[in-house]
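The values are calculated or read from the model by the stated rules, or taken from the named source; none is laboratory data. Note that the structure is a prediction, hence the values are computed from the model and not measured. Cβ placement follows ideal geometry from the backbone for every residue including glycine, while neighbour counts extend to all protein chains displayed.
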Amino acid sequence: MASNGRKADTVTLTIDGREVAVPRGTSLLQAAAALGIEVPHYCYHPGLSAPAQCRICLVEVEGAPKLQPSCVTIAQDGQTVHTDSELARGMRQGVLEFYLVNHPLDCPICDMSGECSLQDYVFAEGRERGRAQEPKRVFGRDDFGGDVLYYGDRCVMCTRCVRFMDEVARDSRLTVVERGDRAVIDTFFDSGLDGASFAGNVVDICPVGALVSKDFLHKARAWDLDHAPSVCPNCSQGCNIELHTRDNLVQRLKPRENPEVNGHWMCDYGRSRYEWMNRTGRIERPAMGRGEERSEADWPGTLEALAARLAGNEGEIAIVASPFCSVEALGALSQLAKEAGEAAAAVFRSPRAGDEDPLPGFPLLVRRRDLAPNVDGARLLGYARTGTDDGSGGLDEVAAHRGVVFVLGDDLNDQPDDFGAAADLFVYLGTFDSPAARNADFVLPVTTFAEEEGTFVNAQRRVQRFGQGLRAPGSARPAWLVLGALLAFLKSGKTPANAAEAFAALADEIPALSGMSHESIGPGGVRLEAAHA
Amino acid sequence: MSETPFRNPGWAGNTGEFELSEADVRGSAFVGRRPPEGVHPSTSASYPFMRVERDPGAKLFDGPWRERFEKMLTRYPTAMAALLPTLNLAQELRGHISPETMDEVAGLLGLSSAYVRGVATFYTMYNKRPVGRYLIQVCTNISCSLCGADEVLAAFLKHVGAELGENSSDGNFTVVEAECLAACGFPTCVQINERYFEDVSAGDVPAILKRLVSELEGE
């Protein structure tokens with residue numbers, strides 16, 4: 001402690017024989033985490049208050065008369081803490097035995113199995129055999145409405161879900177009903193969680209299999225899932241998420257912590273919209289020729305033919321792009337257009353919701369009006385919004401354009417069959433064939449965001465990277481690669497080898513992105529303004 | 001004196017030991033009125049008092065009940081703190097705490113209905129369904145159990161003619177087990193509505209029931 005009477009900002013303590021300096025006010029649990037020591041815990045969650053009621057994070061503090069709950073005990077200078085002493089381990093074993101008195105141990109049919117704290121802790125430190133002789137009490141399950149299902153038998157009464165609804169969603173719909181071994185989590189009788197737009201988070205924070213997702217129920221085992229870091233594509237908030245995939249299908253979306261964007265949370269709207277990433281019937285091969293003359297071709301032949309047409313181009317270029325495309329793809333397309341001729345229009349269409357939906361206890365997280373991930377990126381790269389709030393219309397000029405028409409990622413679902421009939425050259429880079437693309441001279445299969453790496457710019461003007469979770473179907477390629485190869489033909493340059501190179505090429509050209517790279521963006525993203533400050 | 005109106009509310013009725021009047025005990029500091037049914041103001045809505053006749057459809061809260069509710073609110077710093085006495089008051093008025101009552105109490109105090117349900121179900125002295133005019137709570141905790149509580153309980157069930165926890169067919173009685181009633185010196189202790197019956201043996205049960213019925217008929 002400083003001699004002038006003011007308290008130092010950090011305290012130094014010893015945990016399990018190792019010294020650690022942490023900011024004043026840090027809990028013992030967090031201080032141990034800084035050393036890589038995980039103190040078992042149920043009721044403590046970093047995004048919620050700590051009631052210290054689960055009693056499993058008790059640690060031995062030298063000088064204290066009994067074990068202390070590490071989640072609420074504040075680290076003090078010179079403290080000596082043992083998380084793994086005989087006393088602490090014995091206590092945890094005893095607490096775990098109590099937890100198992102009524103826990104059904106139905107791990108083989110439990111969705112949480114493989115990522116369950118109770119399973120992990122008991123496996124690590126529990127008794128080999130329980131001593132309880134009495135029959136376990138049985139509750140069955142309760143449908144909470146929305147996407148949430150409650151198995152009362154498995155519950156450890158940590159009340160994380162109750163506190164999430166109280167403190168973060170500020171919609172106190174969950175409570176502990178009854179007492180003792182009859183206690184269950186419930187809503188007000190049959191009122192349920194319907195209409196609560198952030199209730200899916202209670203499934204994420206449940207440390208055991210008590211609250212599970214109906215959508216994910218019995219779909220996959222936790223250990224079979226691959227986790228790909230990504231960004232939620234369902235609104236322009238860009239919550240950091242993980243794609244959990246199995247058999248090349250997205251099985252569920254889970255939030256990934258980012259204190260500056262979404263904390264530990266994500267909304268139910270985003271969470272529930274992932275099926276489109278698994279949609280089949282994709283364009284799998286590049287093709288050339290309009291209408292009846294359409295024939296499939298290989299990539300080199302297609303790109304060479306297209307590059308030759310672009311090199312000889314004299315018409316103005318109109319672009320329709322989708323804000324579901326990455327910064328790399330949108331940027332490469334505008335670079336290509338600049339190289340190949342005069343720009344006539346560059347527009348994007350995207351659906352807009354009627355209102356925003358903020359998370360009251362974590363105001364940074366808002367389900368935004370723009371229901372697409374890269375609206376701000378598209379604007380930054382010179383694209384303008386067109387069409388109505390349901391993401392349709394607004395393409396009459398482009399449909400009748402006489403020069404070159406590029407369509408990237410937009411399905412043209414609402415467009416007439418003669419879209420682009422008047423164009424000299426109509427290039428369709430997309431994922432699904434569309435009747436409105438029948439006049440396309442070139443159909444180039446590209447990947448969705450889930451099948452490629454790249455970046456989005458969210459509504460906070462934050463550039464965020466996403467990773468690849470799925471293999472692309474057929475010979476679909478990322479749009480930045482297709483467009484980068486075309487650009488290389490035109491400029492006799494080099495095709496980018498990966499998304500990072502495509503971004504680097506863009507950063508040289510776009511002032512707002514200058515000095516940024518995939519490496520400097522990192523896993524948590526960087527705000528455009530901050531990068532230039 | 002008026003800033004501490006409840007400084008000395010310790011009147012527990014004339015116990016016969018001292019020749020003191022209510023005014024002597026309360027002093028001039030007391031303000032307010034006795035609530036209906038002769039309940040002492042100091043315990044208004046802080047004591048689970050059960051009237052024999054209740055009105056499950058009564059409004060929360062009207063007239064003198066409203067006064068008691070509002071007076072009670074002044075004693076608690078937050079709505080959460082005032083929840084238990086408010087539920088007491090509602091139970092006193094309606095006889096039990098139904099889901100509708102929980103919802104109404106939540107509305108009165110600005111709490112969530114789920115929270116009120118959680119609190120009401122935690123405490124066993126809130127009746128979550130209608131009970132008979134007399135709620136007979138037989139202590140079966142250790143001291144009473146050692147002195148024949150099981151026989152007393154069986155006698156009550158036999159003479160009332162209802163299952164444990166069920167209402168008798170005439171709606172007069174509900175017999176339940178209770179944990180320790182803090183009368184371990186006088187086993188078996190039975191609490192019937194707000195009254196204690198101590199040193200009860202199985203043989204006393206018919207007389208007790210007869211007395212209760214005669215009280216009902218006398219009203």
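Scanning region A:223-244 for residues that are surrounded by fewer than 24 Cβ atoms within 10 Å (Cβ to Cβ) and of a type outside the set (A, V, I, L, M, F, W, C) returns A:Asp224, A:Asp226, A:His227, A:Pro229, A:Glu242, A:His244. If the condition is being at the interface with chain B (Cβ under 7 Å from one of its Cβ atoms), in a loop (DSSP other than H, G, I, E, B), of a type outside the set (Phe, Trp, Tyr) and under 32 Å from the mean Cα position of the chain (by Cα), then region A:170-190 contributes A:Ser172, A:Arg173, A:Leu174, A:Thr187.
Is it the case, given these coordinates, that A:Gly209 is over 23 Å from A:Cys43 (Cα atoms), outside the structural domain of A:Pro523 (by TED's automatic domain parsing) and either touching a Phe, Trp or Tyr at 6+ places or on another chain (Cβ under 8 Å) or among the aromatic types (Phe, Trp, Tyr) (or both)? No, not satisfied.
Quick check on region A:163-186. Is at least one of its residues in contact with a Lys or Arg (Cβ under 8 Å, 6 or more places away or on another chain), among the charged types (D, E, K, R) and in contact (Cβ under 8 Å) with a residue 60 or more places away in the chain? Show your work before the answer.
Looking only at region A:163-186, we keep the residues that are in contact with a Lys or Arg (Cβ under 8 Å, 6 or more places away or on another chain), and these are A:165, A:175, A:177, A:181-182, A:186.
If we keep only those that are among the charged types (D, E, K, R) as well, we get A:181-182, A:186.
Add one more test, that the residue is in contact (Cβ under 8 Å) with a residue 60 or more places away in the chain, and what stays is A:181.
Checking region A:163-186: at least one residue is in contact with a Lys or Arg (Cβ under 8 Å, 6 or more places away or on another chain), among the charged types (D, E, K, R) and in contact (Cβ under 8 Å) with a residue 60 or more places away in the chain.
Return yes or no: is B:Ala79 crowded, with 22+ Cβ neighbours inside 10 Å and either of a type outside the set (Ser, Thr, Tyr) or more than 14 Å from every other protein chain (Cβ to nearest Cβ) (or both)? The answer is no for B:Ala79.
Please indicate, with yes or no, whether at least one residue in region A:315-332 is within 25 Å of A:Ala450 (Cα to Cα), part of a loop (DSSP other than H, G, I, E, B) and of a type in the set (D, E, K, R).
Taking region A:315-332 and keeping what is within 25 Å of A:Ala450 (Cα to Cα), we get A:319-332.
Still in the list and also part of a loop (DSSP other than H, G, I, E, B): A:322-326.
From what is left, the residues that are of a type in the set (D, E, K, R) are none.
No, the conditions are met nowhere in region A:315-332.
Does A:Leu412 meet the test of being under 29 Å from A:Ala297 (Cα atoms), among the hydrophobic types (A, V, I, L, M, F, W, C), touching a residue at least 40 places away in the same chain (Cβ under 8 Å) and not in a helix (DSSP H, G or I)? Spelling it out, A:Leu412 is indeed under 29 Å from A:Ala297 (Cα atoms), among the hydrophobic types (A, V, I, L, M, F, W, C), touching a residue at least 40 places away in the same chain (Cβ under 8 Å) and not in a helix (DSSP H, G or I). Would you be able to say whether some residue in region B:147-166 is in contact with a Cys (Cβ under 7 Å, 6 or more places away or on another chain), in the same structural domain as B:Val205 (by TED's automatic domain parsing) and in contact (Cβ under 8 Å) with a residue 40 or more places away in the chain? No, every residue in region B:147-166 fails to be in contact with a Cys (Cβ under 7 Å, 6 or more places away or on another chain), in the same structural domain as B:Val205 (by TED's automatic domain parsing) and in contact (Cβ under 8 Å) with a residue 40 or more places away in the chain. Is it the case that B:Ser143 is out of contact with any Cys (no Cβ under 6 Å at 6 or more places or on another chain) and either assigned to a loop (DSSP other than H, G, I, E, B) or touching a residue at least 12 places away in the same chain (Cβ under 8 Å) (or both)? No, not satisfied.
For every residue, the table says whether it meets (1) facing chain A (nearest Cβ under 8 Å); (2) buried (at least 19 other Cβ atoms within 10 Å of the Cβ); (3) of a type in the set (Val, Ile, Thr).
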{"position": "B:Glu92", "(1), (2), (3)": "no, yes, no"}
{"position": "B:Ser98", "(1), (2), (3)": "no, no, no"}
{"position": "B:Tyr115", "(1), (2), (3)": "yes, yes, no"}
{"position": "B:Met125", "(1), (2), (3)": "no, no, no"}
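Scanning region A:163-197 for residues that are at positive phi and not hydrophobic (A, V, I, L, M, F, W, C) turns up A:Arg170, A:Glu178, A:Gly180, A:Gly192, A:Gly195. Does A:Pro300 count as within 25 Å of A:Thr495 (Cβ to Cβ) and free of Cβ contacts under 8 Å to residues at least 60 places away in the same chain? Considered against the rule, which asks whether it is within 25 Å of A:Thr495 (Cβ to Cβ) and free of Cβ contacts under 8 Å to residues at least 60 places away in the same chain, A:Pro300 comes out as yes. Only residues that are within 24 Å of A:Pro286 (Cα to Cα) and aliphatic (A, V, I, L, M) were counted in region A:455-509, giving 15.
Scanning region A:333-361 for residues that are assigned to a helix (DSSP H, G or I), farther than 19 Å from A:Pro373 by Cβ and not small (Gly, Ala, Ser) gives A:Gln335, A:Leu336, A:Lys338, A:Glu339.
Give, as residue ranges, the strands (runs of 3 or more DSSP E) completely inside region B:154-219 that count at least 1 residues that are hydroxyl-bearing (Ser, Thr, Tyr) and modelled with pLDDT under 90.
Values: elements: B:173-178, B:190-192, B:195-197.
Filter on region B:154-219 gives B:195-197.
Reported count of residues in region A:198-215, each being out of contact with any Ser or Thr (no Cβ under 8 Å at 6 or more places or on another chain), touching a residue at least 60 places away in the same chain (Cβ under 8 Å) and either crowded, with 18+ Cβ neighbours inside 10 Å or acidic (Asp, Glu) (or both), is 10. Elements of the type strands (runs of 3 or more DSSP E) sitting completely within region A:211-290 and holding at least 1 residues that are small (Gly, Ala, Ser) and more than 20 Å from A:Pro523 (Cα to Cα): these cover A:211-213. Restricted to region A:141-163, and to residues there that are part of a helix (DSSP H, G or I) and away from every other protein chain (no Cβ under 13 Å), the residue that is farthest from A:Phe198 (Cα to Cα) is A:Asp153. Of all residues in region A:374-385, those satisfying the criterion of being assigned to a loop (DSSP other than H, G, I, E, B) and either in contact with a Cys (Cβ under 7 Å, 6 or more places away or on another chain) or surrounded by fewer than 17 Cβ atoms within 10 Å (Cβ to Cβ) (or both) are A:Asn374, A:Gly382.
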